[in-house]
1. Run the quick spin-label model on Glu128 and Val110: label points 7 Å from Cα toward the beta carbon, then report their separation in nm to one decimal.
2. I want the antiparallel fraction of DSSP beta bridges within the range 61-128, as a percent rounded to 5.
3. Under 20 Å between alpha carbons, and skipping anything fewer than 8 positions from Lys73 in its own chain: which aspartates and glutamates qualify?
4. How large is ³J(HN,Hα) for each residue in the range 18-30, as worked out from phi by the Karplus curve 6.51 cos²θ - 1.76 cosθ + 1.60 (θ = phi - 60°), to whole Hz, x for Gly and Pro?
5. By the scheme Lys and Arg +1, Asp and Glu -1, what is the net charge of all other residues having a beta-carbon under 14 Å from that of Leu72?
6. When the chain is fully extended, how far beyond the present Cα-Cα distance does Thr69 get from Glu25, taking 0.36 nm per residue of separation?
Amino acid sequence: SAYVQDPTDKPSEKCGVLNVTKITENGKKVRKNWTSSWTVLQGSTLLFAKGQGGGTSWFGGGQSKPEFTVDLKGGSVEWASKDKSSKKHVLELKTRQGTELLIQSENDSVINEWFKALQETISNHASE
Ligand code: I3S
């Protein structure tokens, strides 16, 4: 299922389980802490919730909040270089605010779709 920008201008959405760690926060290096996260791309915002994407997550629950959100406007995404992680299929996401994340999936096509989706989102919001 390719990621396609909705022609009716509805906010784009994509979700799934990814492995995520912050590596930099507000320009400062932080210790890696890989966690499996239910991840949602909603408009230009990327949201993470801890744990696998099961029925008890914040998503759709209304009450609980996402663990962490990232504003993609003005950010960048690229394949992480080997020195960033020993894992395969790792993306490096940088925000305008100086936060850097690594995003990983064992599944090649899953991570490729996220790469496309994040790239498109960033370029679609480039002028904001
Ligand atoms: O970049 P590093 O320091 O090699 O990252 C690894 C460490 O964070 C390690 O944790 P501790 O050093 O706290 O034990 C993690 O378990 C590894 O997963 C990290 O490396 P990878 O290559 O998996 O991103």
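Just so you know, all these numbers are worked out from the coordinates, no wet-lab data involved. Given the structure is predicted, the values throughout are model-derived calculations rather than measurements. Please note: Cβ atoms are built from the backbone with ideal geometry, for glycine as well, and neighbour counts cover all protein chains shown.
1. 2.7
2. If we restrict to bridges inside the range 61-128, about 100 percent are antiparallel.
3. Straight-distance partners of Lys73: Asp6, Asp9, Glu13, Glu25, Glu92, Glu100, Glu113, Glu120, Glu128.
4. Coupling constants for the range 18-30: 9, 8, 9, 9, 6, 10, 9, 10, 6, x, 10, 5, 10 Hz.
5. -2
6. Answer, rounded to one decimal: 14.6 nm.
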